[in-house]
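Asks: Got a structure for you, questions after.
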Amino acid sequence: MPKRDNKPGIKLPKKDSNRRITRFFLKQHASAVSETKNKEENNLESVDNVNKEQSNMASANPVAEKTNMAESSRNTLVKELLEALRPELNEIKTLQANLEGSFGELSTKMEEKIEKINNDFSDLKEKMEKRPELIGGMRELQIKNIEVNMSLRRNNVIIYDLPEERTEIPIKAAETELTKLCPVRVLNAYRIGRLEQQQIKTKARPLIVQLADAPTAEQIRSKAWVKKPPIKSKIGEDLPEEARNIKSQAFKTYIKPAKEGQKKYRWAGLHLWIDGKKVNLDAIYTEALSKTRNRDEKQPRATLKDD
């Protein structure tokens, strides 16, 4: 994109509000009008002075009389030209005055619109605070959406700490490992994350495995989540980030104390029951959704590149 050339002698402010920008341009226009008027008056005064000096010189020196008359004629023409240009100069002044008025009107309208937007936002915030059931309804819709995403991943499991090789075939590697738990049929498998240099020797990337059915995935998880599993790798659920945050926080807050008290618990989607009583997870939902929202806001947005 070509750079915008600024006029010499004018320094635009780097960062300022709309009101200060408007005042800046009004000040520049007023200065330009005053400078034009002063130059015009100085030109007319200089022409009169030259004519007087030439007249005095002509009376004292007859030889230079003809030259002075020519100079006087030239100065008279210049003066007449300036007089002829006066209407155009007056028109320019009028346009500048109109422009100043337009800038002032535009600034006032912008301030009014900004104030209206702020008032509308304050009213909306106040209405939302007065009707918490709306917030609860929106949050419940978000939880339902996450649960739908979870249902699409029911056939999946994630294998952690499974040794990785550059020439491996992910599907065969998954079948070899999961067959140690139960007979499986793997439809698809792939590593997640970028393969960094020397990463294979230090830490293997997680392997997401898509199985033929959900019961097989549940059977694998139940056999892997024991004190002494028959495999060295770890098996996890393939969950959306929000669901992982919710379940992780719920485990620390409710499930771990329940297990220590020998209480039974179960999940139904993202809803938790302990000893047959539903646990209120609203605070955990709010925190998990807030983390996701903050993460999305920090991510850079895609912008159009100039040709």
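Asks: Based on the Cβ-Cβ distance of Thr176 and Asp123, what FRET efficiency does E = 1/(1 + (r/R0)^6) give at R0 = 51 Å, to the nearest 0.05?
Replies: 0.25
Asks: Please list 71-84, 176-189 highest first by mean number of surrounding beta-carbon atoms within 10 Å per residue.
Replies: Packing order, densest peptide first, comes out as 176-189, 71-84.
Asks: Then there is this: Anything over 20 Å Cα to Cα? Flag those among Lys172/Lys234; Lys252/Lys278; Lys203/Lys259; Lys256/Lys277; Lys144/Lys278, in the order listed.
Replies: Lys203/Lys259
Asks: How big is the range 240-296 on each of its three principal axes, counting only the C-alpha atoms and giving the largest first in Å?
Replies: So the three principal-axis extents are 39, 18, 18 Å.
Asks: Still on this structure, please answer the following. Say each of Ala97 and Leu195 gets a label point 7 Å from the Cα, pointing the same way as Cα to Cβ; how far apart are those two points in nm?
Replies: It is 7.8 nm.
Asks: Per the Kirkwood definition applied to all pairs of different Cα atoms, how many angstroms is the hydrodynamic radius of the range 154-238?
Replies: Kirkwood radius, the range 154-238: 13.0 Å.
Asks: Say R0 is 25 Å: what FRET efficiency, to the nearest 0.05, do Leu106 and Arg86 get from their beta-carbon distance?
Replies: Working from the Cβ atoms, E equals 0.25.
Asks: So the label point goes 7 Å from the Cα of Glu218 along Cα→C-beta, right? Which residues of the range 254-275 then have their backbone N under 15 Å from it?
Replies: 266-270
Asks: Under a crude label model (7 Å from the Cα following the beta-carbon direction), how far is Met69 from Ile169 in nanometres?
Replies: 11.4 nm
Asks: Report the label-to-label distance for Asn188 and Lys227 in nanometres (one decimal), using points 7 Å from each Cα along the Cα→Cβ vector.
Replies: Distance between the two pseudo-spin positions: 4.0 nm.
Every read-out reported here was derived from the displayed coordinates using simple, explicitly stated rules and does not represent laboratory data. Note that the coordinates shown come from a computational prediction; the quantities given were computed from them, not determined experimentally. Neighbour counts run over all protein chains shown; Cβ positions are idealised from the backbone, glycine included.
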